[in-house]
Structure formats: C-alpha cells, structure tokens
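Written below as structure tokens is the structure these notes are about.
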Amino acid sequence: MADPLLEVSDLRVRFRSRGSVVHAVQGIDFTVEPGQTLAIIGESGSGKTVSAYAVMGLLPPTAQVSGSIRFKGVEIVGLGERELQDHRGRNAAMVFQNPERSLNPTMKVGAQITEAVRRHLPLSRPQAHERAVELLRMVRIPAPERRFHEYPHQLSGGMRQRVIIAIALACEPALLIADEATTALDVTTQAQIMNLLLDLQQELGTAMLMISHDLALAASYAEEVMVMYAGRIVERAGAADLFGNVRMPYTRALLDAIPRTDLEPHVLLPVIGGRPPDLSTVLPGCAFAPRCPDAQADCREQAPALEQHEMGHWSACWHPCGKEAAS
Amino acid sequence: MAAPVASLALGVPDADPAATQRRSRTRGLLRTLEITVPGAILLVLLFFCFIWPLVYPVPSPTYGSVLDASLPLWSPGHIFGTTNVGYDNMARILYGGRTTFEVAAAVQVIGLVVGGLLGVVAGYAGGIVEAVLMRVLDIFIAFPSLVLILAIVDGLGQSELHVIWALSAFSIPAVARVARAGTLRLRDQPFVVAARLSSVKAWRIISGHIVPNLMPQLFTFSLLGTGIVIILESGLDFLGYGIPDPAPSWGGMIAYGQTVMSVALSPLVVPSLFLFGTVVCLNLVGDGLRNRWGVR
Amino acid sequence: MSASVTLGPPERIPGHSGTEPDGRPGGAYVRRLARSPALRLAGRRLLIAIPVLWGVTFLTFVVENALPGDAAQALLGANATPAEIRAESIKLHLNQPLLIRYWDWLWAALHGNLGNSLYSGQPVGPIIAQRLPVTIDLVVYALVVTLVISIPLAVLCARRPGGIIDRTIMALCMAGLSIAPIVLALLLLQVFSGYLHNLLPALASGTGNDPRDLTMPALTLALPLAAFYIRFLRADLIEQMQSEDYTVTALAKGLSRWRVLTRHALRNSFIGLLTVIGLNLATLIGVTVIAESIFGLAGMGNELLQAIQHRDVPLLEGIVLVFAGFVVLVNLATDLLYSVLDPRIRHGRSGS
C-alpha cells in the first residue's frame with residue numbers, strides 16, 4: 001500500500017483564554033490515504049474543526065499544538081509561519097461553511113481565484129486567468145468567462161460554493177478539507193455540490209476530509225467515517241461497517257436520532273440527553289459517560305482507548321453495543 | 001460556525017503561554033485602571049475647582065495688586081505665578097476650571113435631554129415627523145457650528161450662559177442623531193415589537209424599553225462628547241468670544257499665554273496642561289466605559 | 001437556479017449584464033448607467049441638499065437679525081447717536097422687514113449676485129473668491145496629510161492588535177484626540193519656530209501660496225483628525241480580520257496576514273472611511289477658522305470672524321453658503337464614490 005498522505009499522531013490542541021485552558025483536541029490519531037474520502041463526524045465542540053485547522057496550519061499562535069501531523073512525510077506541527085503559508089493552499093485546501101461570507105464582496109470572483117493560483121504556481125497573469133476560467137468550468141459554472149468578471153453577490157449560494165471549491169482546487173492540493181461545506185445550502189444544492197466534490201476527487205485524485213455533524217450525509221458520500229466526541233476519536237470504521245455494526249453508544253445514539261420515514265407518526269425522536277462537556281477540565285473517565293445510557297462504574301474511572309477490536313473498525317468503549325443491540 | 005471559524009484562525013499573536021496568563025490577569029486589572037485612574041483624577045480636579053475654594057482662602061482670580069504682576073511659577077503665595085495685572089494664576093485655573101465644567105455639564109445635559117428626546121421621537125414616530133426633524137438636524141449639522149456659535153455669542157454678548165446656549169446648538173443635533181439611530185435599531189427588536197403589538201402606549205414603550213436600552217450608548221456618547229465641548233469652549237474663549245474678561249477661563253489664559261510666549265512659557269503651558277489633562281481623562285473614562293459596556 | 005447547471009449557458013438577457021464575455025463594458029453598460037442606482041442615489045441626495053442649503057442660509061439670516069445690534073451700529077462704532085445709526089440703517093436697507101430682506105438676498109444670490117459687503121461696500125463674490133483658495137488649499141493639504149498618516153498606521157496597528165506598536169499608536173491617538181487645536185497650534189509654533197527655526201516659518205507670508213506656510217496649520221488640522229481616523233480604521237480592520245470569513249479564505253490560500261490585511265480588509269474599509277470623512281467635514285471647517293486666526297492666514301476663516309463682528313450679513317451669508325455648499329458637495333461626492341467603490345451597489349443583483 002502506498003504511503004499515507006496524512007498521518008496524525010497524538011494530536012493535542014489547547015487554547016489559553018483568560019486564565020483557563022480549553023482542551024479542544026485530546027490526543028487523536030488517524031491517517032488518510034491518497035484519494036481517500038474520510039468523514040469526521042461530531043457535534044459542536046467535538047474538536048473536528050480544530051483538528052482540520054491544525055492540519056491546514058491555520059490555528060493562531062495562541063493555540064498550543066503538540067503531537068505530530070505528517071503530510072507526505074513532512075512534519076507540520078512546529079513549522080514557522082512562512083512554511084505554513086507555503087503549505088496552505090498548495091498541499092491542503094479548505095472549503096468553508098458559509099458561501100455568503102467566504103468571498104470578499106468587493107473583489108471580482110475571477111481575481112479571487114487567480115490570487116490563489118498565482119500564490120503557489122509560477123503563472124503569468126494571462127495564464128492564471130486561463131487557469132481560473134478552466135477551474136470555473138471544472139466546478140460546472142456555466143459561462144465561466146463571464147462569471148470571471150462578476151462579483152460574489154451576483155452569484156447564487158450554490159455558485160458561490162463552487163467558486164470556493166475552485167479556489168481550493170486552484171493549485172491541485174493533495175488534500176481537500178470540506179468543513180460543513182454543504183450545511184448552509186438547500187438539500188438539492190447540497191446533493192449537487194457533494195456529487196461535484198466526489199467527481200472532482202476522482203478526476204484529480206484528491207483525498208477529501210469531510211467534516212460534518214450530519215451522519216446521514218457522511219454515510220452517503222464517505223468511504224470511512226470517524227466519530228469525535230469531546231476532543232477524542234470514539235469510533236472509526238468504513239461507512240457500511242459503521243452503520244451496520246455500531247459499537248460506541250454515542251454513535252448509536254446519533255444514528256437513532258436521524259429522522260426516519262418508516263417510523264410511526266407521533267413517535268418521540270430519540271435524543272441524547274445532557275450537553276457536551278466543558279472542555280476546560282479533563283475528566284478521568286470516558287467523556288461520554290455522563291450522558292451514556294450504558295455507562296457503568298469503570299466508564300467513569302478510566303477513559304477507554306481507541307482500539308481496533310475488529311478488522312478495520314476502531315472503537316473506544318468499555319461496554320460497546322453488541323451485535324444484539326445493533327439497530 | 002462562522003464567527004468561531006474566523007477567530008480560530010486569527011488570534012492575538014503571542015508566544016509564551018505563561019506570560020499570556022499573567023498578561024490576561026493584568027489586562028483585566030488594567031482595564032479597570034483605565035477607568036478608575038482618570039476618573040479619580042477628574043474627581044480630584046472637580047474637588048479643587050468647586051469645593052476647595054469654599055474651605056481654603058484661595059485668592060480671588062480677578063483681584064490683585066499690580067505690585068505682584070507677572071510673577072513666575074513657584075512664587076511664594078502664588079504657585080502658578082500671576083498675570084500681568086497681578087491676578088493669581090492658580091485661582092484663575094481653579095475658577096476657570098469651574099466654568100469649564102459648568103459649561104460642559106450644562107451643554108451635555110441639555111444635549112442629552114433635548115437631543116435625546118428629539119432623536120427618540122424622530123426615530124420612533126417615523127414618517128413626516130422624522131423626515132422634518134431630520135432635515136432640520138441636517139441643516140444644523142451641515143452648518144459650520146462654529147459660525148452659529150460665534151454669531152450667537154457675538155450677538156448676545158459674552159457670558160457663560162450665552163456660551164452654554166450656543167454650544168447646545170452643537171450638542172443637540174449630535175445626540176439626536178445617535179438617539180435616532182439607536183431608536184430605529186431598537187424599534188424592530190422582538191421585545192419592542194411585542195410591546196407595540198400588545199397596544200402598550202407609545203410613551204410607555206419609549207420610557208420603559210427604548211430609553212433604558214439606549215442609555216449606555218447615549219451616556220458614553222455624551223461623555224466622549226464632553227471632551228469635544230470643552231475643546232470648543234476653550235477655542236471660543238481663546239478667540240475672545242467666550243467668557244468675558246476678566247473672568248478666568250482656560251482658553252482665555254492660553255490666549256494670554258500666546259502673547260507672552262517669547263518671554264515666558266509657563267502662562268501658556270499651565271492652562272494647556274490642565275485643558276489637555278482634563279480632556280484626556282474624560283476620553284479615557286468614556287472609552288473605558290464604552291469597552292466595558294460593549295457599546296458600539 | 002439548478003436548471004442552469006445541467007443545461008447550457010443561460011439566455012443572455014439583453015442589457016442585464018454590464019460586461020461582454022471578455023470583460024469589456026458593453027453597450028448594455030451605458031444603458032444601465034442611466035438607470036444605475038448610484039446615479040439615482042446621487043440625484044436624490046442632490047435634491048435633498050437644496051433645501052438644506054436654503055435652510056442654512058435662512059437660519060443664518062434669522063439668527064443674525066434676531067440678535068441685538070446690527071451692521072449700522074458696528075460700522076459707526078459705539079459713539080454713534082441713534083439718529084446717525086438710523087440714517088445708516090436706511091442707507092443699508094436694514095429697516096425693511098426681515099423676510100423682504102431675505103427674499104432680496106436670495107433672489108440676487110440665485111442670479112449669481114451675492115450682494116455687497118455692508119462694511120466695506122465691496123462686492124461679496126470677489127472677496128470670497130480671493131480668500132477661498134487659501135482655505136481650500138489648507139483643507140486639502142490637511143486631508144492628504146491625514147490620510148497619508150492614518151492608513152499605514154492603522155494597518156500597522158491591525159497587524160498585531162495588542163502588540164507594542166498597536167498600544168503605542170493607540171496612546172498617541174488618545175493624546176491626539178484630546179489636544180485642543182489652540183494648544184496644538186501653539187505647540188507646533190513653539191517647537192518649529194522656537195527650536196527648528198528655519199524649517200517652517202511661523203506666520204504666513206499672507207498669501208498662503210507657499211506650501212511651507214500651510215504646513216503648520218495643516219498639521220494642526222491633520223493630527224487630531226488622523227487620530228480619529230486611525231482608531232476608526234483600526235477597529236474596522238481588526239473586525240474584518242476576526243469576524244469575517246473571507247479573511248480566513250484568504251489565509252487558507254496561503255497568503256500572509258499582511259497581504260490579507262492590505263489586499264482584502266483595507267479595500268473594504270475604504271468605504272466606511274469615506275463616510276467618516278464626510279461626517280467630519282463641518283467640524284474641520286470650524287478648526288480651520290481657529291488655525292487661520294492663530295497662523296494669520298488670509299483665508300475664509302478670518303474673513304468670517306470679521307463678518308460676524310461687523311454684523312455684515314451679506315458677507316456672512318456668502319461665506320456660510322460657501323461653507324455649507326462645500327460640506328454638502330463633499331458628502332454628495334462621498335455618496336457617489338461609495339456607490340462606485342461598493343460593487344454591491346454598483347451592480348445590484350443579476351444572479352442566475
């Protein structure tokens with residue numbers, strides 16, 4: 001098997017704010033192979049976005065990052081700002097959540113793409129222009145020549161997101177990170193954009209890290225799914241395996257909470273009681289224990305490690321859901 | 001996720017975590033210091049201008065013997081020296097300060113009350129009332145206020161009261177503008193809309209909902225505006241259009257200081273320092289409060 | 001919306017887009033300009049400006065005549081007898097009712113005749129024309145200096161908020177905002193003519209043609225203004241860097257923070273800055289009067305002071321009209337520039 005594109009080992013990210021420390025990411029390990037699609041699922045505060053930013057090198061200097069992030073064998077953690085600027089956009093690129101706000105309103109769309117192109121590639125202005133138009137065409141924006149000269153507010157939300165994808169792919173990065181890229185879009189556009197992303201992935205051989213809170217979306221589009229909770233990875237498996245063979249009670253609860261059309265009407269939707277933990281204190285036991293319906297004494301005492309209990313399926317739970325309990 | 005997204009990537013740059021913690025604690029302390037120290041200085045100044053002369057025999061600012069004329073700084077009995085006709089400068093600073101504060105307070109109070117009322121009414125009523133009021137205010141704002149002020153004072157004659165009227169013509173439109181903008185914003189807030197829909201009387205909505213929410217903004221605006229009013233007033237006194245001689249005023253003292261600039265600097269520097277110091281303290285307190293209360 | 005993705009290019013709605021496929025402005029562009037929201041906005045502002053200008057002149061007239069004393073008295077001095085004053089008044093047409101006098105003035109003004117100075121008898125127009133250049137030069141000079149100082153310093157501050165440079169500049173700005181123009185002017189005088197003697201002459205040669213004459217007065221105006229602008233710009237830049245997503249997008253492209261500040265955030269700040277400039281203009285004029293007085297410049301400010309003293313209504317009206325007109329014009333210009341700079345206003349929605 002080829003060398004992994006991205007290797008994250010024991011990544012920890014801490015933020016200091018006004019005397020208190022927030023442990024956003026508490027030691028995670030994962031790898032991404034070239035061309036693979038990995039989804040990171042979690043609720044707000046689970047650390048999924050912070051991890052993505054760490055991989056991009058976008059965290060502010062106030063963030064304390066420890067551990068290792070190796071991109072094509074090169075260590076990202078501890079790099080200087082200059083090197084990080086070279087890394088961003090060239091090796092890894094990001095697509096953000098809000099297409100309305102992610103583009104500069106006073107700058108032409110084409111200029112925003114050529115800016116990305118010329119940052120890393122030694123192209124002249126006409127060449128960059130050509131490349132930008134080509135990118136617009138690649139993300140399936142009609143009349144790309146015309147759109148080049150337009151401003152973001154003249155485009156619809158879906159088109160703006162395509163432009164952002166075009167910007168991200170401008171320098172053909174090996175890794176594309178989609179941070180809730182479709183959350184702000186309507187369902188139809190969501191499907192279009194996801195399909196576009198997958199097609200582009202195939203075409204360019206880009207690996208994709210899909211960050212979302214939407215488990216159903218991950219199921220449809222990702223090869224592997226990783227579930228994060230309170231800064232730790234709690235389960236990781238191939239998409240089909242995860243859904244057919246759930247281990248972690250948290251993941252199971254997430255699955256149960258997906259609205260389904262085959263349920264009886266007026267049935268209460270199962271929700272997860274309680275709220276996500278406060279990340280300024282690190283509790284000794286499993287972070288999900290306070291909310292877990294299957295929690296036992298040992299869950300509160302010691303945090304379970306992420307282990308590959310079955311082939312290709314990691315989970316971190318003392319009392320995983322058995323095959324009998326799987327929905 | 002939008003705001004956290006942005007703030008995640010761009011924080012305050014800082015290398016040393018331990019120092020950050022120390023610094024954040026000191027920063028909290030500093031922020032209060034930013035308000036309390038200038039505030040205390042202002043209070044001390046107010047005390048000396050208003051209360052001190054009542055308990056201590058401060059020489060009269062407009063009476064003096066020519067024999068004591070033009071004494072320099074630190075002369076015995078006259079800490080700040082004397083003017084060319086023997087008036088004690090320290091007394092002139094104190095009494096001049098009194099005038100400054102009186103005028104500033106009066107002007108800002110008038111501005112707050114009248115301007116605030118106009119602005120809130122304009123903003124709340126909308127329609128013709130607002131349009132007319134706004135056009136009138138526009139006229140005042142387009143008007144070089146100094147012209148109006150000078151004209152009024154020149155025409156009515158110099159006196160503290162006339163200066164107050166004249167400066168109010170400047171303060172009222174400014175407050176009205178801010179009040180109107182704030183009212184417009186508040187008017188469409190859910191809690192106000194709810195009150196309106198429940199047929200609560202307009203004046204009750206205004207007094208109970210709008211005014212209390214507007215107060216921090218108006219107050220800090222007035223506080224910051226006080227510095228401007230003081231500066232304007234000193235300008236008037238300097239030009240000879242403000243407080244009439246021989247009554248003391250800082251601007252007037254600065255004007256005198258200009259005439260003797262080539263010979264002695266203290267008659268110029270002392271009132272200038274007081275003027276500067278007062279405005280700086282006012283601005284610091286106003287700024288500090290604005291940050292504290294999170295006002296725009 | 002979704003249809004255009006799978007079908008061919010959308011039909012070209014004639015006149016809808018302002019650009020030809022290769023980016024050149026098309027014939028549609030010119031047609032659209034006529035309907036452009038920018039021009040309509042400007043037109044509307046102009047319409048509003050007229051009553052404002054009228055209001056200003058009317059207000060001046062009313063105030064002047066409401067105040068005790070009049071030009072005749074000022075002309076003849078304190079020792080004149082009431083009879084002499086009355087005779088003079090009649091000569092100056094001051095005995096006619098207020099509205100008639102105002103109407104006379106307005107009618108003449110609309111025909112380009114600003115009347116004659118009550119004090120000197122000279123026509124008002126030429127008096128103003130002679131004095132105007134000095135004041136305009138001063139104001140422009142001051143604005144240029146202000147912008148040259150403020151923009152780079154604000155960017156420096158925003159680069160590292162809370163850093164040492166930021167805090168120093170902010171402290172200086174606080175001082176700049178708190179210093180009275182009279183104090184600043186005299187300070188500059190003392191420093192430059194006292195200690196740096198030959199660098200900048202203290203009193204103007206009178207004509208104000210030499211830029212060196214205008215430097216100190218311009219600085220008197222510019223420094224407090226710059227303090228204000230720096231704070232404003234800095235706040236705007238920092239806000240953009242911290243809460244706007246497009247700055248993160250720019251960073252994710254691999255751009256340095258400096259480039260994101262200057263190429264993205266700064267552009268967007270200009271719009272707000274323009275509005276602020278317009279708002280401050282009237283105050284600037286006030287300070288100009290003080291500066292001209294202290295530095296002895298033969299500008300409109302000094303003329304104004306004299307006109308007030310002499311109760312010289314036509315001259316006063318003329319000056320006031322020019323000042324107010326200037327403020328209105330500049331605000332209009334900033335409104336227009338606003339629409340030019342902000343593509344959202346210029347182009348409106350022409351999405352798919």
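Please give me the summed charge of the neighbours of A:GLN64: other residues whose Cβ is under 10 Å from its Cβ, Lys and Arg +1, Asp and Glu -1.
Summing Lys and Arg as +1 and Asp and Glu as -1 gives +3.
Roughly speaking, what is the stretch gain from A:GLU33 to A:ALA191, that is 0.36 nm per residue apart minus the C-alpha to C-alpha distance, in nm to one decimal?
Working: separation 158, 0.36 × 158 = 56.88 nm, distance 2.45 nm.
Full extension of this stretch gives 54.4 nm more.
Treating the beta-carbon of each Lys and Arg as +1 and of each Asp and Glu as -1, no other charges, what is the dipole magnitude of region B:181-296 about its Cα centre, to the nearest 20 debye?
Working: 8 positive and 5 negative charges, 182 e Å.
I would put it at about 880 debye.
When ranked by the protection proxy of mean other Cβ atoms within 10 Å per residue, highest first, what sequence do the peptides B:269-277, C:242-250, B:196-204 form? Numbers along the way, then the final one.
On the way: B:269-277: 20.7, C:242-250: 24.0, B:196-204: 10.3.
Packing proxy ranking, top to bottom: C:242-250, B:269-277, B:196-204.
Just to be sure I understand: with springs between alpha-carbon atoms less than 10 Å apart, which residue in A:LEU103, A:LEU209, A:LEU11 has the highest mean-square fluctuation in the Gaussian network model of chain A?
A:LEU103
Please list, in order along region B:193-204, the HN-Hα scalar couplings obtained from phi with the Karplus expression 6.51 cos²θ - 1.76 cosθ + 1.60 (θ = phi - 60°), rounded to whole Hz, x for Gly and Pro.
4, 4, 5, 4, 5, 8, 6, 6, 4, 4, 5, 6
Which distance in nm do the two modelled labels at C:LEU172 and A:HIS319 give, with both placed 7 Å along the Cα-to-Cβ direction?
6.7
Which of rounded, prolate or oblate describes chain A when judged by the alpha-carbon gyration tensor and an a/c cut-off of 1.5?
Working: a/c = 2.01, a/b = 1.54, b/c = 1.31.
Verdict is prolate for chain A.
How much of the DSSP bridge set in the protein assembly as shown is antiparallel, in percent, rounded to the nearest 5?
Working: 36 of 55 bridges.
In the protein assembly as shown, approximately 65 percent of DSSP beta bridges are antiparallel ones.
Could you work out, residue by residue across B:273-283, how many beta carbons of other chains sit within 10 Å of that residue's beta carbon, and then give the average as an integer? Please list the in-between numbers first.
Values: counts 1, 0, 5, 7, 1, 1, 7, 5, 1, 1, 4.
Mean shielding count: 3.
Which of rounded, prolate or oblate describes the protein assembly as shown when judged by the alpha-carbon gyration tensor and an a/c cut-off of 1.5?
It is prolate, given that a/c is not under 1.5 and a/b is the larger ratio.
Each residue of region B:109-116 in turn: what ³J(HN,Hα) in whole Hz from Karplus with 6.51, -1.76, 1.60 and θ = phi - 60°, glycine and Pro shown as x?
5, 4, x, 4, 5, 5, x, x
What list do you get for C:LYS91, C:LYS253 if you sort them by fewest beta carbons within 10 Å?
Values: C:LYS91 12, C:LYS253 27.
Going from sparsest to densest Cβ surroundings: C:LYS91, C:LYS253.
What average count of beta carbons from other chains do you get within 10 Å of the Cβ of residues in C:171-178?
Numbers: counts 0, 0, 0, 5, 4, 0, 8, 14.
Whole-number average of other-chain Cβ neighbours for C:171-178 is 4.
Could you go through region A:313-321 in sequence order and give the Karplus-derived ³J(HN,Hα) for each residue, using 6.51 cos²θ - 1.76 cosθ + 1.60 with θ = phi - 60°, rounded to whole Hz, and x for Gly and Pro?
9, 9, 8, 10, 7, 6, 10, x, 5
Sort A:106-119, A:283-296 by packing, meaning the average of other beta carbons within 10 Å per residue, with the highest value first. If you can, show how the numbers build up before the last one.
Details: A:106-119: 22.1, A:283-296: 17.7.
Highest mean packing first, the order is A:106-119, A:283-296.
Given R₀ = 41 Å, FRET efficiency for C:LEU46-C:ALA87 by Cβ-Cβ distance, to 0.05?
0.40
Quote the FRET efficiency, to the nearest 0.05, computed for A:SER66 versus A:ARG275 with a Förster distance R0 of 30 Å and r equal to the Cβ-Cβ distance.
Values: r = 28 Å, r/R0 = 0.92.
With R0 = 30 Å, the Cβ-Cβ based efficiency is 0.65.
Give me the distance in nm between label points sitting 7 Å out from Cα along the Cα-to-Cβ direction at A:ALA240 and B:SER199, one decimal.
A separation of 6.7 nm, rounded to one decimal place.
Report the FRET efficiency, 1/(1 + (r/R0)^6), for B:TRP52 and C:GLN309, where r is their Cβ-Cβ distance and R0 is 25 Å, rounded to 0.05. Intermediate results must be reported in sequence, preceding the final value.
Numbers: r = 38 Å, r/R0 = 1.51.
That gives a FRET efficiency of 0.10.
Testing the spin-label approximation: label points 7 Å from Cα along Cα→Cβ at C:VAL144 and A:ASP262. State their distance in nm.
Each label point is offset 7 Å from its Cα along the Cβ direction, giving 7.9 nm.
Local charge sum around A:PRO290 (other residues, Cβ-Cβ under 10 Å, Lys/Arg +1, Asp/Glu -1)?
Values: positive: A:ARG275, A:ARG291, A:ARG300; negative: none.
Once positives and negatives cancel, what remains is +3.
What shape does region B:27-116 have by the C-alpha gyration tensor, where a ≥ b ≥ c are the square roots of the eigenvalues, rounded means a/c under 1.5, and otherwise prolate means a/b greater than b/c and oblate the rest?
Values: a/c = 2.98, a/b = 1.67, b/c = 1.79.
Because a/c hits 1.5 or more and a/b fails to exceed b/c, region B:27-116 counts as oblate.
Could you check what % of the DSSP bridge pairs in chain A are antiparallel, to the nearest 5?
Values: 32 of 51 bridges.
Around 65 percent of the beta bridges assigned by DSSP in chain A are antiparallel ones.
Mind checking the mean number of beta-carbon atoms from other chains within 10 Å of the Cβ atoms in C:50-59? Working shown, then result.
Values: counts 0, 3, 8, 2, 1, 7, 8, 2, 1, 5.
The mean count of partner-chain Cβ atoms within 10 Å per residue comes to 4.
Calculated from DSSP H runs of 4 or more alone, at -39500 (n - 2.57) each and per residue, what is the 222 nm mean residue ellipticity of the protein assembly as shown, nearest 500? Spell out each step's value before the answer.
Working: 39 runs with 559 residues, N = 975.
Computed ellipticity for the protein assembly as shown at 222 nm equals -18500 deg cm²/dmol.
Bear in mind these aren't lab numbers, they're just calculated from the coordinates by the rules spelled out. It should be emphasised that the depicted structure is a prediction, and the values quoted were computed from it without experimental measurement. With ideal geometry, Cβ positions are generated from the backbone for all residues, glycine too; neighbour counts draw on all protein chains shown.
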